[in-house]
Each structure stands twice: as structure tokens, then as C-alpha cells.
Amino acid sequence: MTDCVFRIGGEGGEGVISTGELLTLTLARSGYEIYTFRTYPAEIKGGHANYQVRASDTLLLSQGAWVDVLVPFNEEAYQKHIKDLRKGGVLIYDSDSVTPPNTDGCIAYPVPMTSLATEKIGVKLTKNIVALGVFSGLFDIPFEKFEELLKERFGRKGEAVVNKNLQALKVGFDYIKSQPKRDTIRMGGGPRQIKELVLSGNESLALGAIASGLKLYAGYPITPATDIMEFLAKELPKIGGFVVQTEDEISALGTVLGASYAGSKAMTATSGPGFSLMVEMLGLAVMSETPAVVVDVQRVGPSTGMPTKTEQGDLYLAVYGGHGSSPRVVMALTSVEDCFYGIMRAFNIAEQFQMPVVVLSDQYLGHRKATVPAPDPSKVPVIERRTPTPDELGPDFKRYLLTPEGVSPMSIPGTEGGYYVAEGLEHTEIGYPAASNYENHVRMTQKRYKKFYAIEALSNELTRQYGVEQPEIGVIGWGSSEGVIREAVQMAVEQGYSVGAMHPKILYPLPLVRLTKFIVGAKAVIIPELNYTGQFATLLRKRFAKDFVQLNKATGLPFTPQDIFDKIEEVATNVRRGSGSRTHAASV
Amino acid sequence: MSAEAVAPELTPQAYKTDEHPIWCPGCGDFGVLSSLYQSLAGLQIPPKDLVVVSGIGCSGRTPGFVRSYGFHVLHGRVLPVALGVKLANPKLTVIGVGGDGDGFAIGGGHIPHAARRNLDIAYLVMDNSTYGLTKGQYSPTAPKGFQAGSTPYGNIEKPLNPLAMLIAYGATFVARGYSGKPKELTELIKKAIDHKGFAFIDIISPCITFYNTYKVIPPRLAEVPADHDASDRAKAFELSLKEDRMYLGVFYQVQEPTFEDGVAEVKSRAQASSRPRLEEIFAEFS
């Protein structure tokens, strides 16, 4: 079995990210399953960046907890990452910039990348392409796949540029071929079908939005959500849609609500700071019953926080943000593939129930690339909002008609006889303000919550389970940790633990039926979250009198399977001693 | 904006709803509403294609009194919502209404961007220099020395100049009207709706309860001079800075490409290199 983790590190602007991306695509085209992880500096130029590519011939669930091949472009990268290189792993370093004190315990290949690039090609910047040539020569990664990709990438810049890059690739290849191979890694080709795509979470999400019929995107640039806007700015006008960059995030969601009111599917995407600004508009969407999709690609907060690092810290805001009793749906995306189908479901829920849907992603998921089967939009049939029937139209048209299911007919401007005012004030069935009518307010609040409670069935349906179905030790995770948890649970089950994981895709409303069965049967339940206080655990404690075991990591980095596995082992030991259900204090 | 050619059957009455305005008797907003009905009838705007977007404040209740589509949004957020409505369906006639607090204070950050985009909407600000709904605090257009609940010792801020501001921001139609001159106001609103691009009218609409200016305003009023060249931005700016009189009429009007024109251009540029099907977009990532 092939399962290899590459990590390339260096100065931002030194080609670390592009090396990682080119390696990713080449390995994917060579038939491997891919799972990437990247961190990059908050600075525009400079600062440390690294790109990790895990490639395997079987399903990958996490970025991996080790490094097989470490490629430091400079001394800082070496110092930062050498501790993660597994024993016996491969170290390929730029011997012009890095001088390892010793290379015991690893197989080291010093390559003078900078001087090869400067002397043989005359362009220092081609150093990263030299590195790619080295990978090809050393690990048998098909040379022609790299060539093909470089031609595609640099074709627009002219033949001279393409040739320089191809030369650099060859220089690296030849250099390493002149050295004896001392490791055993070979990546000549994997079993994967080339029909698959290589997408980041953000790209997958943007494609899913297009598949849902998105017509208008309004947003304000913010890391790590901006690439959704940029992707759509390029693609949406081709199919008759448009992207508008608004003056702030309040305006972004306001524009989305205006467009949705006027009949277009609309969305915005942001990160924590922008989502904080959108909260007032979320309330307007609830009150005026206007469908809207709001994506929050979470980063470390509070305030400006750590913009390029990952966290699951916006759950409270998503669930509770805003004044008054304001039901909204909160979903959490779990994988690159799920970004596509998840956003399609978000549009469906927003349209069907005429309310805002908050979709939580995060930097880890939004920016990582994975091989996914070409998405099939027909798996999630598109649902449109309920518009009035001809007999409902007329002078007495009731936009906010009280119905058993809470959903009312929504007329679209341009429709004769469907006149109404979408109201932010409490209002009657015809949409006229009723700010002093107490009974009406109760009826209307119940109406809005009826829609919310109806979504619980879907929430149960969209909850996934892994490992032992009714385990002694349960793990309930959310969002982008799904693969990592699944991998840890697999490890634990293989070692004989009675462990199972539950992973809801809709967090609000909670999938109570599924959760109840799972939680009641377990001796201990672990809630792993990438935040300091345990926001999801708090949400669960409101409904379940269980001493949940929190596993909180708030470093700005994602979980590794080992993090989760260690906690499972620890809890299993406690359970055997009879003290399994103790609530652990949050730890960093 | 251009009205569709329909049989001239829509009277001002046709735009009235059954709801009676909640405003204080004598409120300037009654005059504005009446002129709005007259303008809509004058232009024969089909109610089904009309959307009135309003903010929060006394004037924010306007959509409820106009038989058409409406969106009563949040305080200060008229323009973002209007942008979305217009982008979703450029055929609609979109009129934004709100007060001076709604537009120039809490919503002030949206005005420059709506103006420079030149979105084809009319934005009517009913300017009474006070926050009537919260009982008369000073607004951004209140004069220095204005005494009220939040400024018991007098307002120490100088008022902003909405016309100068809008001309500077790049609005393509900038005018001032007065609720007490309904005929002239009707003509102005008609021109604003008809104007292709972002049309702004600062409508002086006195608050009879908290800041009654019915006696002080009329003597200061004057028509925009007949020889004023409204296509000259510098001249318009100069006129907007004059404090001797309160000029009524069109200060500035030019024809420039609208935001919608730009959107259409972007779409045609994108479609020139088109791969309009999802599967074809997928191909880029394989």
C-alpha cells in the first residue's frame, strides 16, 4: 500500500504553495487519492509557508500525523518541521540554504536547488521546479505528467517561459538520477480513475452553489473565504449570474436579501469578523422570511484573530447571534466532497423554509485540496420556494399566511396581485406592521419556529455514523474534523476498543433522535472541537444531562488522528476504572 | 428608468393602499407620499413592477402605503437591499425611501458606493433634521445649537450638506425638493424615476412635532436659477454650497453608464470565452 505525506516548507513567495499545488495535481493525475493541508503566512510576501500533500492508493480521511518526505527550502523550514519527519523518512533539502546539524535517523538528499536554478537555468525562481524534477526522478512520479502540467500552467506566458520551466524540471530530475537511491518510496501510479477532480473545499462549495442555481453573490474580501468570491466572479457571469463586491458585510447580506426577495438565488461567504457584521441582516432574513445562504469559513478569533489559521469558534454566533427569538439553520461542512452537496442542501433548506441557512466551513477545509469524484448535482434535487397559486393572489394576498407547516406563499415582484411588504417589523399575515399586537406576535413567532422544527427530520437523516454502532465510547464531532475522527475511530476499533463516532451535518436544529440513541447507550462521549471552551458540547449539554468529555484544541491547527486516538485511549482507561463520564476541563 | 407603455388608466388613487399613514397630522411626509402617488401615476408605473425599499424612521413606513411590492428593511440599509433587488431584476422600478438619520448617519457608509456605482434607482430622503420616531434627537442635518433630548446644551456638530456630498460621490442626478410644494416635488420625483442612473432627492419634509420648520423654511426657498447649468459638476457643487437660500430643483444631472450596463458588459465579456455548462467548468479541475 502506498501512503505518503510530503511537506514542503519555505519563505512565502518562494514558490512553496505552487510547488505543493503542482505536486498535488501531478499525483492526482497519476491516479492517487490526495489530501492536502496548507498553512501560509498572514503577510503578503515573506513569512513562513508550508504545503502538505498526502497521497495514497486508498481512501484518505486526514492530512496524516507524520511526514514521510520533508522538503525545506530554507533553514527556518528545516528547524520548524524536522521534528515531524518520521523515523527513516526522506529529507530533501536545498543544500545552498539549509545545513542540517546531522541527518541521523533519516535518509537525506542534499540538492543544491538554488545554484542549479541560478547556474543552469539563470532564473533563481525556478528552484521549486528543480525540486519537482527531483521528486519525479527519486520517486518515479511520471515525468511526462509534470511536463504536461507545466505546459498548461505557463503556456499563456509564452514558449520561453515554458521551456525554462521544462529545463528546470529536467535539471532536478537528472541531478537526483546521478545519486544512488537509498529510500523505498515509489509513486509510479495509483489506481484512481482520472475522471475525478482535484478541488479545494472553497472551490467545491462554489461549484455546488452554481449547481443549485445561484444567480447573485455579494461579498466583501476576507481570508479565508475570498477565493469563493473570486471563483464565482469568474464563473458566474458565464451562466448569466453576477458577483458584486459590496462596501462591507452588512451590505453583502443586505444585497443577498434584496436579490432573494426579488426572486434570485443569492448567497454570501465570509469569515468570523464579517459574519459578526452580518448578524443584524440574519435577523431581517428570519423576520421577513427571506431565503438566504450565508457561508462562514471560520478562522481564529476573536476580533481579527489569526486570519490564516483554522478554528471552529463561530458556532455560538451562528446559532445564537442576534436579538430576539430568531430561528435559523446552521450546517457544518465535513469534507471537500460534502462542500458541494452540503451547499446544495443549504439552498434547498433556505428556499423550502424561507429562512437563512448558515453554513460553517473553516480554513482547514476551505483551503485544502482533495481528489473527489466528479460531483453529480442530480444527487440533491433542487427545491424551489413556494410561490402563490392563482387563487392566493389578489387584493387580499397573504404573504405570511399561517399554514400548518408554517411555510407561506412568497410572491416575486413582477407578479400581478402578489403585492406585499417584506417586513422587518412584526407583521400580520398580509405583511402589515403589527408592533402592538401581542397575540399576533405569538402566532407569528410560532409560525417561524414551526418551520425550524420541521427541519429536525432532515437533521436526523443527514447524520453519519462510523465505527461501532452502539459503542461504549462515543465520539461526536462536527464540521471539518469528520475524516480525522473517522480515521482515529478506525485505529481504535482495530485495536479492540468499542468506539463509534456520530457526525451531524445539520447542527441546528440538532438531530435529537439519532443523538439520544447514541448518547444514552454510551458509557462516555467525547466531543472534539477546535475551540477553547467547547461550543458544540455546550449546545449538547442544553439537551442532554450527560457528562461529555471535551477535547478542545485551540492552537490554530487542525486535529490529527493521533489527537483523537489518544483521547479515546485515555477515556477507555477511565471507563475501565469506572470513572468514564467525568467532564474534563477544557484544555488547550 | 423608463415606464412601460401601458394604457393610461392608473390614477394616483390606484397606488394607495387601505392603510392610513401613521404620521402626525401636518407631517411633511404626507406631502411627499402624495407627490409620489402623482409621480407614479404620471409615469404609469405598473405596481407589479415597482419595489419601494425603505429604512427605519417615520418615512420608513412608506411602502405600506403604496400599492406595489415593498421591503421595509433595517435602519440604514435601504441601498444594499435596493442593490440586490435591482440586480436580481433590472426591469423593476426601484425606489429607495428613508430619512436623514437613516441615510446620512447609520446608513451613511452605503451612499458613496451606491452613488458611484450609478445603480438605476431613485433614492428619496425625507429630510427633517431630527429623529422623529425616537422623539426628536438631532440628526446629521440638524443645525449647530439644536437643542433636544440628547443635546440638552445644544448640538456642537455642524450639519452635513447632502447635496454637496452626493455630487462629490458621483451621483448622476442630485436635486432638492420641499414637501410643501407638491406640484414641483411631483415633477422632481418623476424626473428622478425617469433618470437612468442613481437619482437622489433631498426632500425637506418638516417634522411638525419635534422640529417644526414650517415658518423658517418657506422664506428661504428659491428655485434653482434658470441659467444654472446642471450638467456642470463644479457649478452644481458651487450651488449646493450656497447658504443664502435653500434652492429647490435639479442641481446636477448627467448621463453615465449605469451599474446594470456594466453588469451586462461583464456578462457578455465572460460569455465570449464561454464554457457555460457546469461539466465544462469541472473540466478545469480534472
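Computed values, structure above
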item: Single residue of B:PRO80, B:PRO90, B:PRO63 found to be open to solvent by 10 Å² or more (accessible area, probe 1.4 Å) and either in contact with a strand residue (DSSP E or B) (Cβ under 9 Å, 6 or more places away or on another chain) or more than 9 Å from every other protein chain (Cβ to nearest Cβ) (or both); result: B:PRO90
item: Residue match in the stretch A:13-20 (condition: surrounded by 19 or more Cβ atoms within 10 Å (Cβ to Cβ), under 23 Å from A:GLY105 (Cβ atoms), within 23 Å of the chain's Cα centre (by Cα) and of a type outside the set (Ser, Thr, Tyr)); result: no
item: Lone unmet requirement of (1) of a type outside the set (A, V, I, L, M); (2) in contact with an Asp or Glu (Cβ under 6 Å, 6 or more places away or on another chain); (3) away from chain B (no Cβ under 14 Å) for A:ASN202; result: (3)
item: Hits in the stretch B:233-286 (condition: of a type in the set (D, E, K, R), in a loop (DSSP other than H, G, I, E, B) and out of contact with any helix residue (DSSP H, G or I) (no Cβ under 7 Å at 6 or more places or on another chain)); result: B:LYS242, B:GLU243, B:ASP244, B:GLU256, B:ARG277, B:GLU284
item: Filter result for B:VAL224 (in contact (Cβ under 8 Å) with a residue 24 or more places away in the chain, within 14 Å of another protein chain (Cβ to nearest Cβ), farther than 23 Å from B:VAL97 by Cα and not hydroxyl-bearing (Ser, Thr, Tyr)); result: no
item: Candidates A:GLY105, A:GLY88, A:GLY47, filtered to the one that is more than 21 Å from the chain's Cα centre (by Cα), modelled with pLDDT under 90, open to solvent by 10 Å² or more (accessible area, probe 1.4 Å) and of a type in the set (Gly, Ala, Ser); result: A:GLY47
item: The stretch A:21-44 - residue that is in a helix (DSSP H, G or I) and in contact with a Ser or Thr (Cβ under 7 Å, 6 or more places away or on another chain) and, of those, modelled with the highest pLDDT; result: A:THR24
item: Some residue of the stretch B:142-165 being of a type in the set (Val, Ile, Thr) and surrounded by fewer than 24 Cβ atoms within 10 Å (Cβ to Cβ); result: yes
item: Residue in the stretch A:218-235 that is outside any loop (DSSP other than H, G, I, E, B), buried (at least 21 other Cβ atoms within 10 Å of the Cβ), in contact with a helix residue (DSSP H, G or I) (Cβ under 8 Å, 6 or more places away or on another chain) and at pLDDT below 95 present; result: yes
item: Residues being more than 7 Å from chain B (Cβ to nearest Cβ) and of a type outside the set (D, E, K, R) - total across the stretch A:219-264; result: 20
item: Those residues of the stretch A:273-299 which are surrounded by fewer than 24 Cβ atoms within 10 Å (Cβ to Cβ), touching a strand residue (DSSP E or B) at 6+ places or on another chain (Cβ under 7 Å) and more than 17 Å from A:PHE353 (Cβ to Cβ), in sequence order; result: none
item: Search result, residues across the stretch B:95-113 that are in contact (Cβ under 8 Å) with a residue 40 or more places away in the chain and either facing chain A (nearest Cβ under 9 Å) or among the charged types (D, E, K, R) (or both); result: B:ASP100, B:ASP102, B:PRO112
item: Spans of strands (runs of 3 or more DSSP E) in the stretch A:341-447 with at least 1 residues within 11 Å of chain B (Cβ to nearest Cβ); result: A:369-372, A:421-423
item: Residue among B:THR213, B:THR258 that is open to solvent by less than 50 Å² (accessible area, probe 1.4 Å), of a type in the set (S, T, N, Q) and within 14 Å of chain A (Cβ to nearest Cβ); result: B:THR258
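Here is a yes/no grid of residues against (1) outside any helix (DSSP H, G or I); (2) open to solvent by 70 Å² or more (accessible area, probe 1.4 Å); (3) touching a helix residue (DSSP H, G or I) at 6+ places or on another chain (Cβ under 9 Å):
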site	(1), (2), (3)
A:PHE146	no, no, yes
A:ALA160	no, yes, no
A:LYS164	no, yes, yes
A:THR184	yes, yes, no
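A quick yes/no check of all residues on (1) in contact with a helix residue (DSSP H, G or I) (Cβ under 6 Å, 6 or more places away or on another chain); (2) in a strand (DSSP E or B); (3) closer than 23 Å to B:HIS110 by Cα:
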position	(1), (2), (3)
A:PRO273	no, no, yes
A:SER276	no, no, yes
A:VAL295	no, yes, yes
A:THR308	no, no, no
A:THR334	yes, no, no
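The values are calculated or read from the model by the stated rules, or taken from the named source; none is laboratory data. Remember, it's a predicted structure, so these values are computed and weren't measured experimentally. Counting neighbours? That spans all protein chains shown, and the Cβs are built from the backbone with ideal geometry, glycine included. Quick note on the areas: whole protein, heavy atoms, side chains included, nothing else; ligands and nucleic acids left out. Shrake-Rupley method; radii C 1.70, N 1.55, O 1.52, S 1.80 Å.
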